[in-house]
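Report on one structure; see the data block that follows.
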Amino acid sequence: MRFVLAIFLSLTCASASLGYGYTREADPLLKSFQAAIRAARKGDFPAAQAEAKRVSWQLDELRDPKDLGVDFREAFAKAHAKPTEKGVVEAWVNLVYLAFLQKLHWNTREELKEYHKARPRLEAAIAYYELAFAGNLRLDDEARRKQDPKAPSRHADAVAQLKAAKTALGSPGLFGAGKRAPDLPAFKAASLRVAGHLNAVFPRFVRPKRKRPSGG
């Protein structure tokens, strides 16, 4: 099962710290995500269901209209009601996908005005990408390059865009020295590029609805 294998390979690289805020080992969503994936792979669905209860706070945040406004509770619960390995894994990766978008959304909404909030959010989003999505984007690259050897790498571009997003945060400097203002348009552009790659690789995921432009 290619999807599950990619998640397993990503999970084996989970030892580094985020640099700001939670370490990857301490991030509550990632802790439950990793425990649930391992449980699902072993067929221990009660353990996965227990982890699902631990992330109800994340589901509540996501459905807030001021947040992403996505109610993922029913779909997430359904995946655990009659669980299969594939269904549970996909539900958890979808949840982390929404949490990834949430971090970028918060930074955009606050216009990167508070560096010491924006930086750990982005670091968390990068950790989510590396643990939950990178393996699948690499597999997607391989599949597309069998059809077209010159097909551009979605994974490589996603990594580059996350790096660009980090640069766009600016820097508070040290006692004023080396201070750089944030670049909100660059952050938005990088965020949209990464989200586009994820949407292409995970087209069936529950995601925020696009707001229709107002006017004629």
- line: When every residue in the range 127-148 that is of a type in the set (A, V, I, L, M) and surrounded by 22 or more Cβ atoms within 10 Å (Cβ to Cβ) is compared, the one farthest from Ala36 (Cα to Cα) is Leu137
field: Long-range neighbours under 7 Å by Cβ, at least six apart or interchain, first residue within 13 Å of His197 (Cβ to Cβ) within the range 139-162, second among the hydroxyl-bearing types (Ser, Thr, Tyr)
entry: Asp141/Ser153; Ala158/Tyr129; Leu162/Tyr129
query: Among helices (runs of 4 or more DSSP H) lying entirely in the range 69-159, which contain 2 or more residues that are farther than 30 Å from Ala50 by Cα?
result: 85-109, 115-128, 134-147
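On the given criteria, is Leu104 under 19 Å from Gln34 (Cα atoms), touching a residue at least 12 places away in the same chain (Cβ under 8 Å) and crowded, with 18+ Cβ neighbours inside 10 Å?
Numbers: under 19 Å from Gln34 (Cα atoms): no; touching a residue at least 12 places away in the same chain (Cβ under 8 Å): yes; crowded, with 18+ Cβ neighbours inside 10 Å: yes.
Answer is no for this residue.
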- prompt: Out of (1) free of Cβ contacts under 8 Å to residues at least 40 places away in the same chain; (2) surrounded by fewer than 17 Cβ atoms within 10 Å (Cβ to Cβ), the odd one out for Gly69 is which?
  reply: (1)
- request: Please enumerate the residues belonging to the range 57-97 that are among the small types (Gly, Ala, Ser) and either in contact with a strand residue (DSSP E or B) (Cβ under 6 Å, 6 or more places away or on another chain) or under 20 Å from Asn136 (Cα atoms) (or both).
  value: Gly87, Ala91
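Computed from the coordinates by the stated procedures, all read-outs in this text should not be read as laboratory data. In this text, all values refer to a predicted model and were calculated from it rather than measured experimentally. Note: ideal-geometry Cβ built from the backbone for every residue, glycine included; neighbour counts use all protein chains shown.
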